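Here is the structure we will look at, set down as structure tokens.
The values are calculated or read from the model by the stated rules, or taken from the named source; none is laboratory data. Nothing here was measured: the structure is a model prediction, and the numbers come from that model. Heads up, the Cβs are rebuilt from the backbone with ideal geometry, glycines too, and the neighbour counts pull from every protein chain shown.
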Amino acid sequence: MVCHSGLALGADTVWSIAILNRREEYSNRVKFHAQIQFMGQSSKWFGDSIALWEYQVEVADERTVYLNKNHCLAREDWSLVPKEEVIKAMNDRNEGMVNASDIVIAIYDGGTSGGTCNAVNYANKVGKYVIAHHPDEFKG
């Protein structure tokens, strides 16, 4: 089984950790595919979040990078990437994950626009099986 993550902060990070834990337990059956918006994705993050992102990229069994231009390869060059290219890379990454998946699991409130909304709508459009959980389900 190949499990995909977009490596964003939040639910993607929790999912990546779960994949890596299962891969450790079932190394012959679970693979981790990092779907990377672009190599500077974590450059505006802080501390441990950056280190975790870099670790996930390093240990992934497979990687797909959606915006792979010279000016995007170094974290410090994030500011040189036009916003439209970043958004396109995010949507391409989300569609890539959906296309590669039989089941799409999303943490989504059902109303907020953005990347998760676009991914869920795309998954439904192309006939994927979607399991969506409202973020409030996880409040303790």
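Which of (1) surrounded by 10 or more Cβ atoms within 10 Å (Cβ to Cβ); (2) of a type in the set (Asp, Glu); (3) modelled with pLDDT of 90 or more is the odd one out, the single condition Asp136 does not satisfy?
Against the list (1) surrounded by 10 or more Cβ atoms within 10 Å (Cβ to Cβ); (2) of a type in the set (Asp, Glu); (3) modelled with pLDDT of 90 or more, Asp136 comes up short only on (1).
Might you let me know whether the range 65-76 holds any residue that is modelled with pLDDT of 90 or more, aromatic (Phe, Trp, Tyr) and under 14 Å from Leu7 (Cα atoms)?
In the first step, residues of the range 65-76 are kept if they are modelled with pLDDT of 90 or more; the result is 65-66.
From what is left, the residues that are aromatic (Phe, Trp, Tyr) are 66.
Going one step further and asking which of them are under 14 Å from Leu7 (Cα atoms), we end up with 66.
Checked against the condition, which is being modelled with pLDDT of 90 or more, aromatic (Phe, Trp, Tyr) and under 14 Å from Leu7 (Cα atoms), the range 65-76 yields at least one hit.
Would you be able to say whether some residue in the range 91-114 is crowded, with 16+ Cβ neighbours inside 10 Å and at pLDDT below 90?
no
State whether one or more residues within the range 118-129 are in contact with a Gly (Cβ under 8 Å, 6 or more places away or on another chain), surrounded by 18 or more Cβ atoms within 10 Å (Cβ to Cβ) and not basic (Lys, Arg).
Looking for residues that are in contact with a Gly (Cβ under 8 Å, 6 or more places away or on another chain), surrounded by 18 or more Cβ atoms within 10 Å (Cβ to Cβ) and not basic (Lys, Arg), one finds none in the range 118-129, hence no.
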